[in-house]
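To start, the structure itself, in structure tokens.
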Amino acid sequence: MTTARWTSDQLEDYRRKHSARKPDTSSDPPAEPRQAPARPVAPNQTERQALAVLNLREQDMAFEGRTFDVCGGSRYTPDWIDADQGIAIEVKGEHVHSRDSRCRFDEARTLYPSWRWIWIRKRTTGRKGKRWEVEVYG
């Protein structure tokens, strides 16, 4: 069995490359959420229907309007934001595996308790039939 040895230049390149990837380990949330970058993204049908279920108008809401910093240097962008009222809404459909987005949603609602957080999911199958499940926090 042979052991590969790195030259000092290779070792320095490796350290430089990997030191830039250090995650943010600070536990304090930022004072204000970041503004999401402008993207030509439009809401899908389920996301539009969710606003109707909540009796909200699309004109009063910003689609993916803010990005929140959460634990470990990650970011979370809710589907709908009303910054004036401090409301953030996450919409999920029936067949979406949402474990990662639920974790980030829960972290954001813990780190930003002054906001009202809404998790809404459209169900089309199951023994209870078609329905919307709505959870409100704050």
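The values are calculated or read from the model by the stated rules, or taken from the named source; none is laboratory data. Keep in mind that this is a model prediction, so the values were computed, not measured. With ideal geometry, Cβ positions are generated from the backbone for all residues, glycine too; neighbour counts draw on all protein chains shown.
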Could you give every pair whose Cβ atoms fall below 6 Å, whose first residue belongs to segment 55-69 and is polar (S, T, N, Q), and whose second residue is surrounded by 18 or more Cβ atoms within 10 Å (Cβ to Cβ), counting only separations of at least 6 or pairs across chains?
THR67/ALA36; THR67/THR77
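Restricting to segment 72-86, give me the number of residues that are out of contact with any Gly (no Cβ under 9 Å at 6 or more places or on another chain) and free of Cβ contacts under 8 Å to residues at least 40 places away in the same chain.
The initial filter retains those residues of segment 72-86 that are out of contact with any Gly (no Cβ under 9 Å at 6 or more places or on another chain), namely 72-76, 79, 84-85.
In the following step, the residues that additionally are free of Cβ contacts under 8 Å to residues at least 40 places away in the same chain were identified as 74, 76, 79, 84-85.
Total satisfying the criteria: 5.
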Options GLY93, GLY65: the member that is within 14 Å of LYS122 (Cβ to Cβ) and not basic (Lys, Arg):
GLY93
For segment 118-138, pairs from a residue that is at negative phi and of a type in the set (Lys, Arg) to a residue that is assigned to a loop (DSSP other than H, G, I, E, B) and exposed (fewer than 13 other Cβ atoms within 10 Å of the Cβ), with Cβ under 7 Å and 6 or more apart or across chains, are LYS122/GLU94; ARG123/GLU94; ARG123/LYS130; LYS130/THR124
Residue check for ASP24: farther than 29 Å from ARG121 by Cβ, at pLDDT below 90 and not small (Gly, Ala, Ser):
yes
Please verify whether ILE81 is among the aliphatic types (A, V, I, L, M) and under 22 Å from ARG131 (Cβ atoms), treating the condition exactly as stated.
no
Can you pull out the residues in segment 92-138 that are of a type outside the set (Lys, Arg) and under 11 Å from the mean Cα position of the chain (by Cα)?
SER98, ASP100, SER101, CYS103, PHE105, ASP106, GLU107, ALA108
